[in-house]
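Shown next, in structure tokens, is the structure this report addresses.
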Amino acid sequence: MNLDDAPTWPPDFAERYRAAGWWRGETFGSMLRERAEAHPDRIAVVDPVAEVRWSYAELDRRADRLAAGFLTRNITKGDRVVVQLPNIAEFFEVVFALFRIGALPVFALPAHRETEISYFCEFTEAVAYVIAAEHGGYDYRELAAKTRAGAGTLRHVFVAAGDPGEFEALSDVAEDPVSCAPPRPDDLAFLQLSGGSTGVPKLIPRTHDDYIYSLRGSNDICGVDENSVYLCVLPAAHNFPLSSPGSLGTLYAGGRVVLCPQPSPEVAFPLIDRERVTLTGLVPPLALLWTQAATTTAYGLSSLDVLLVGGAKFSEEAARRVGPAFGCTLQQVFGMAEGLVNYTRLDDPVEVIVTTQGRPISPDDEILVVDDEDREVAPGETGHLLTRGPYTIRGYWRAPEHNARSFTEDGFYRTGDVVRVTASGHIVVEGRAKDQINRGGEKIAAEEVENHILAHPSVHDANVVAEPDPYLGERIRAYVILRPGAAPPKPADIKRFVRERGLAAYKVPDRVEFVDVFPQTGVGKISKKDLRTAAARSAAISPNT
Ligand code: OOB
């Protein structure tokens, strides 16, 4: 790994993780090949919209052919490729092709727009960008045209599904397979996105060895094997549906991944019934919606053994309803794209399952709960969660200054989560110290939104905080001070302004309020705590505006 790009594990840790059997020297390319050789005809991926059912042999062959076409286009080891695809079969074809040649997918989400995509392309010096022509009523070719105009290193735009327009169809890229030197297990496999708490998203460098360990560990804990059928409901590129245990965990086990084009019960339940889905993962707002719908649906959901819920805090009350509604086991997941993932275990007592966010995958996951001065708190007390382990990064990609703040000197990641650990070793998430909004599992860095609001000519200052929302858990509230004498905009004008700057829709403030001053702390800093309290109070008075 290039140490200039991303700090890695010190040699003594790497040695320990190998000796313990966590890192086994596998790569994604070799994993798929082995599965395809062991059970070529078993179905790997089902895409119900395209009516596609790819066997392991088919997926393997497609990845090889695409890899050859990428190489011909001079996309090679270490190159970055921004992948922005909805839940379609080609997602797997593309990422396995890139894994095979050692090029690094940069996992963008379908909701990202010009601001995010052009940043990813420029910051990572991406050589290619992969899209679907259209999805959810949005034309990604237009986004690609704007992105290409501004991004210097971008040489290719590939369109995986639909009319490629001015770009190259992915189906035209595939060629007869060629042999190429495979990446090493300790090489980077991809760059994942951080929810972040700063102005721009950080990139998370994950290696084959470390990520595959998290898949194997997750599979053991969630009971995933070759008979498992995983319904991928959340955006496929997000860390939760990708690896906890997710579609990659399921493929590692030789199971079947069914892609859900849309997360509503109306779309998902018939698929569960038809494909005999055994497990899936949801964020809390969807879990709530599905639980309600499950009690009245005519579709058969009896194949579902496990429902994983995570990404944001799942209330105890809602958690209690899952088992009875689906006749399955709830598994709470508290994870992060930086690494650490905690699960309640399938055989944990119900009280543990509904009141905690689980415990780490690995015996080598180190957990510290500390006070503001990094001193460990007494057992059971609440504090900041720090962690280090065999699948938790030691630093973000090309971000040395940020790394100095986000990691301790001895390599612990500062998660920004406020937790306590129960006597049984289970983690309870009590809150958050990072300046972030968790909108139903979607993470928004306050500073990023503030910077966009500040660009408005009538705005003097802006602060963005979370306000409670009964469905999403949290939503985005912006407090704005206008410039004296400026033509006063309406709240809707600020929202439109932010949206028109090309920001993902989930980052646009739900509510904008104009104020004269911001509350201050004793030392004269703006008190976000007081703003949060004010937002909570007014949300309670007028929850629906
Ligand atoms: C998952 O990953 P990210 O990277 O989108 O977000 C991580 C953050 C955590 O630091 C925490 O603040 C929050 O999301 N979070 C939870 C939670 N699960 C994640 N907060 C409370 N309760 C939970 N159960 O969100 C993610 C990655 C892998 C698996 C599951 C979720």
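The values are calculated or read from the model by the stated rules, or taken from the named source; none is laboratory data. As the structure is a prediction and not an experimental result, all values here were calculated from the model. Every residue, glycine among them, receives a Cβ derived from its backbone with ideal geometry; neighbour counts consider all protein chains shown.
Structure summary
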read-out	value
Among (1) within 30 Å of GLU37 (Cα to Cα); (2) more than 16 Å from the ligand (Cβ to nearest atom); (3) crowded, with 24+ Cβ neighbours inside 10 Å - the single one TRP290 does not satisfy	(1)
Some residue of segment 310-321 being within 12 Å of the ligand (Cβ to nearest atom), over 30 Å from CYS121 (Cβ atoms) and in contact with a Pro (Cβ under 6 Å, 6 or more places away or on another chain)	yes
Filter result for the condition that a residue is of a type in the set (D, E, K, R), within 24 Å of GLU51 (Cα to Cα) and surrounded by fewer than 24 Cβ atoms within 10 Å (Cβ to Cβ), over ASP305, ASP273	ASP273
Looking only at segment 408-434, and only at residues there that are of a type in the set (D, E, K, R) and away from the ligand (no atom under 12 Å from the Cβ), the one that is surrounded by the fewest Cβ atoms within 10 Å (Cβ to Cβ)	GLU409
Residue that is within 11 Å of the ligand (Cβ to nearest atom), not in a helix (DSSP H, G or I) and not charged (D, E, K, R), where the choices are PRO205, PRO201, PRO241	PRO201
Residue within segment 246-269 that is of a type in the set (D, E, K, R), at pLDDT 95 or above and within 15 Å of the ligand (Cβ to nearest atom) present	no
Hey, ARG359 buried (at least 20 other Cβ atoms within 10 Å of the Cβ) and either touching an Asp or Glu at 6+ places or on another chain (Cβ under 6 Å) or more than 19 Å from LEU234 (Cα to Cα) (or both) or not	yes
Some residue of segment 370-388 being under 18 Å from LEU340 (Cα atoms), in a loop (DSSP other than H, G, I, E, B) and within 24 Å of the chain's Cα centre (by Cα)	no
Residue among ALA446, ALA540 that is closer than 21 Å to LYS434 by Cα and either touching a strand residue (DSSP E or B) at 6+ places or on another chain (Cβ under 7 Å) or loosely packed, with under 12 Cβ neighbours inside 10 Å (or both)	ALA446
Unique residue being within 20 Å of SER243 (Cβ to Cβ), buried (at least 17 other Cβ atoms within 10 Å of the Cβ) and outside the structural domain of GLU474 (by TED's automatic domain parsing) when the list is VAL333, VAL322	VAL333
Residues satisfying the stated conditions in segment 195-215, i.e. small (Gly, Ala, Ser) and at pLDDT below 95	GLY195, GLY196, SER197, GLY199
Unmet requirement for GLY195, which otherwise passes all of (1) more than 15 Å from the ligand (Cβ to nearest atom); (2) assigned to a loop (DSSP other than H, G, I, E, B); (3) assigned by TED's automatic domain parsing to the domain that holds ALA97	(1)
ILE221 vs. criteria touching a residue at least 24 places away in the same chain (Cβ under 8 Å), over 21 Å from LEU340 (Cα atoms) and either assigned to a helix (DSSP H, G or I) or away from the ligand (no atom under 13 Å from the Cβ) (or both)	no
Answer from SER362, SER303 - the residue that is more than 16 Å from the ligand (Cβ to nearest atom) and either in a loop (DSSP other than H, G, I, E, B) or without any contact (Cβ under 8 Å) to a residue 24 or more places away in the chain (or both)	SER303
Residue among GLY29, GLY25 that is part of a helix (DSSP H, G or I) and in contact with a Pro (Cβ under 8 Å, 6 or more places away or on another chain)	GLY29
Selected residue (criterion: nearest to the ligand (Cβ to nearest atom)) from residues of segment 328-352 that are of a type outside the set (A, V, I, L, M, F, W, C) and touching a Phe, Trp or Tyr at 6+ places or on another chain (Cβ under 7 Å)	GLY335
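Per-residue answers, yes or no, for (1) charged (D, E, K, R); (2) within 17 Å of LEU242 (Cβ to Cβ); (3) without any contact (Cβ under 8 Å) to a residue 24 or more places away in the chain:
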{"site": "PHE28", "(1), (2), (3)": "no, yes, no"}
{"site": "ALA36", "(1), (2), (3)": "no, no, no"}
{"site": "ARG62", "(1), (2), (3)": "yes, no, no"}
{"site": "ALA67", "(1), (2), (3)": "no, no, no"}
{"site": "LYS77", "(1), (2), (3)": "yes, no, no"}
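So that you can scan it fast, the table gives a plain yes or no per residue for (1) outside any strand (DSSP E or B); (2) of a type in the set (Gly, Ala, Ser); (3) buried (at least 19 other Cβ atoms within 10 Å of the Cβ):
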position: CYS180; (1), (2), (3): yes, no, no
position: ARG184; (1), (2), (3): yes, no, no
position: ILE212; (1), (2), (3): yes, no, yes
position: LEU231; (1), (2), (3): no, no, yes
position: PRO235; (1), (2), (3): yes, no, yes
position: LEU251; (1), (2), (3): yes, no, yes
